[in-house]
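Report on one structure; see the data block that follows.
The values are calculated or read from the model by the stated rules, or taken from the named source; none is laboratory data. Since this is a predicted model, take the numbers as computed values, not measurements. Quick reminder, even Gly has a Cβ in these numbers, built from the backbone with ideal geometry, and neighbours come from all protein chains shown. Just so you know, the surface numbers come from the protein's heavy atoms only, side chains and all, with ligands and any DNA or RNA stripped out. Shrake-Rupley method; radii C 1.70, N 1.55, O 1.52, S 1.80 Å.
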Amino acid sequence: RRRGAMAVIAGAVFLVSIVTAAVLPNRYEAWTTLLVEPQSISKGLIEPTLAESELEGRLHLMTMQILSRGRLSRIITELDLYPEESNEMTREEVISLMRSHIRVEPVVPELAVAGRRGQADFEINTFRLFFRSESADIASAVANRLANDFIEEHLKERVQISGDTSEFIGAELERLSTRIAEVEGQIAAVKDANPGRLPEDLDTNQ
């Protein structure tokens with residue numbers, strides 16, 4: 001008995017959905033996965049300069065560097081982002097708008113979660129960087145640019161860490177060489193002061 005009313009309501013809902021979908025702007029989101037490997041160096045040679053427990057803090061620091069005002073301002077200028085907003089808003093407001101379209105999420109391995117139920121002490125060294133835009137091309141371009149900036153920052157840090165490690169190893173080698181020379185000098189002095197009374201002279205003396 002109510003088929004007519006149901007058909008009218010269903011048709012109205014369908015039309016409203018179509019109009020809403022047509023009026024609302026498209027939203028595209030591009031993302032990239034980034035892996036930061038902790039410094040791998042033999043503990044028998046030297047204590048690593050970057051412990052795994054410090055990795056999350058460094059990720060946070062590098063993320064803040066990537067999302068800094070200068071970096072985002074340069075990307076906005078080079079990729080010509082937010083042209084309409086730039087005419088009505090200050091530069092700081094445009095940068096804040098861009099930050100609101102960026103999202104960083106840690107990637108927690110499923111095996112780690114399954115193996116450590118109820119614990120939250122596992123290390124996170126992988127995360128996803130998202131960027132949302134009304135243009136698919138812009139979303140992809142900005143996501144790639146942010147990822148490249150992150151990689152560039154990461155490589156600079158690893159080069160600096162490697163340089164510091166090389167300097168430390170060189171200093172240790174020099175210190176050990178000096179110590180070995182001192183011990184050899186002491187051994188020679190003992191031998192000179194005790195001719196014929198050294199352990200290696202026992203067979204000859206007998």
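What are the residues in the stretch 160-179 that are under 32 Å from the mean Cα position of the chain (by Cα) and of a type in the set (S, T, N, Q), if any?
Answer for the stretch 160-179, where residues must be under 32 Å from the mean Cα position of the chain (by Cα) and of a type in the set (S, T, N, Q): Gln160, Ser162, Thr165, Ser166.
Look at the stretch 135-168 and say how many of its residues are surrounded by 13 or more Cβ atoms within 10 Å (Cβ to Cβ) and either more than 29 Å from Met98 (Cβ to Cβ) or free of Cβ contacts under 8 Å to residues at least 24 places away in the same chain (or both).
Of the residues in that region, 4 qualify.
Please list, ordered by residue number, the helices (runs of 4 or more DSSP H) wholly in the stretch 1-107 having 2 or more residues that are modelled with pLDDT of 85 or more and either within 25 Å of Ile138 (Cβ to Cβ) or open to solvent by less than 80 Å² (accessible area, probe 1.4 Å) (or both). Working first, answer last.
Values: elements: 3-23, 55-66, 69-79, 83-88, 91-100.
Counting at least 2 such residues, we get 3-23, 69-79, 83-88, 91-100.
Are any of the residues in the stretch 123-132 farther than 25 Å from Ser162 by Cα, part of a loop (DSSP other than H, G, I, E, B) and at pLDDT 85 or above? If you could, list the steps in order and put the result at the bottom.
To start, the set of residues in the stretch 123-132 that are farther than 25 Å from Ser162 by Cα comprises 128-132.
Right, trim to part of a loop (DSSP other than H, G, I, E, B) and you get none.
Within the stretch 123-132 (the criterion being farther than 25 Å from Ser162 by Cα, part of a loop (DSSP other than H, G, I, E, B) and at pLDDT 85 or above), the answer is no, since none of the residues qualifies.
Test each condition in (1) surrounded by 10 or more Cβ atoms within 10 Å (Cβ to Cβ); (2) part of a helix (DSSP H, G or I) for Asp203 and report the one that comes out false.
Going through the list (1) surrounded by 10 or more Cβ atoms within 10 Å (Cβ to Cβ); (2) part of a helix (DSSP H, G or I), Asp203 breaks only (1).
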